[in-house]
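Have a look at the structure below before the remarks.
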């Protein structure tokens, strides 16, 4: 599945200002909320934070993939954020998170939702791609890693 069309340079945070998991998620959701596809930023924020309370989306390898499905999201929207110093994220491997890819999805397409999540994970599992995301000089360079 080609997810590059769901990701735009204006939704790439090159270096998070936040240093805690909660603050980072709020910062990311505020950025995602600028997308026309997200009609209720507060609902998205609450859904992302509630999901994290159930189980951390810090999957290891210095990555996290917070995600939520909501009726107020009109189209699949991805955002990427980087933290060069890393964020304590309660990851499965205990390591700080440096790359966060957030998925905001409509609540009516479980099949596509799972395929998007799998496609994101396929990119992020590749060590070279993670390195390229962290080394990218511009948001367009980050998006290009997902197009490759």
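Using DSSP, restrict attention to beta bridges with both residues in the stretch 4-143 and report what percent are antiparallel, rounded to the nearest 5. Walk me through the intermediate numbers first.
Details: 10 of 19 bridges.
Among the beta bridges of the stretch 4-143, antiparallel pairing accounts for roughly 55 percent.
Report the full-extension gain for the segment residue 125 to residue 55: residue separation times 0.36 nm, less the Cα-Cα distance, to one decimal in nm. Intermediate results must be reported in sequence, preceding the final value.
Details: separation 70, 0.36 × 70 = 25.20 nm, distance 1.97 nm.
This chain segment gains 23.2 nm when fully extended.
Can you compute the modelled spin-label distance between residue 36 and residue 15, with each label point 7 Å from Cα toward Cβ, in nm?
Taking the simple label geometry, residue 36 and residue 15 are separated by 3.3 nm.
Give, as ranges by residue number, the residues of the stretch 36-70 whose backbone N falls under 12 Å from the point 7 Å along Cα→Cβ of residue 8.
36-38
Starting with the highest mean, order 32-41, 69-78 by the number of other Cβ atoms within 10 Å, averaged over the residues of each peptide.
In decreasing order of mean packing, 32-41, 69-78 become 69-78, 32-41.
If I model a spin label at residue 93 and residue 134 as a point 7 Å from the Cα along the Cα→Cβ vector, what separation in nanometres do I get?
Calculated label separation equals 1.0 nm.
Given axes a ≥ b ≥ c from the Cα gyration tensor, I'd like to know whether the chain is rounded (a/c under 1.5), prolate (a/b larger than b/c) or oblate. Could the numbers behind the result be given before it?
Values: a/c = 1.38, a/b = 1.15, b/c = 1.19.
Rounded is the answer for the chain, as its axis ratio a/c remains below 1.5.
Given only helices, namely DSSP H runs of n ≥ 4 each adding -39500 (n - 2.57), what is the per-residue ellipticity at 222 nm of the chain, to the nearest 500 deg cm²/dmol?
-12500 deg cm²/dmol
Order the peptides 81-87, 121-127 from the highest to the lowest mean number of other Cβ atoms within 10 Å of their residues.
81-87, 121-127
Each value in this text was obtained by applying a stated rule to the coordinates, not by laboratory testing. If you're wondering where the values come from, they're calculated on a predicted model, not measured in any experiment. In this analysis, Cβ positions are derived from the backbone assuming ideal geometry, glycine residues included, and neighbour counts consider all displayed protein chains.
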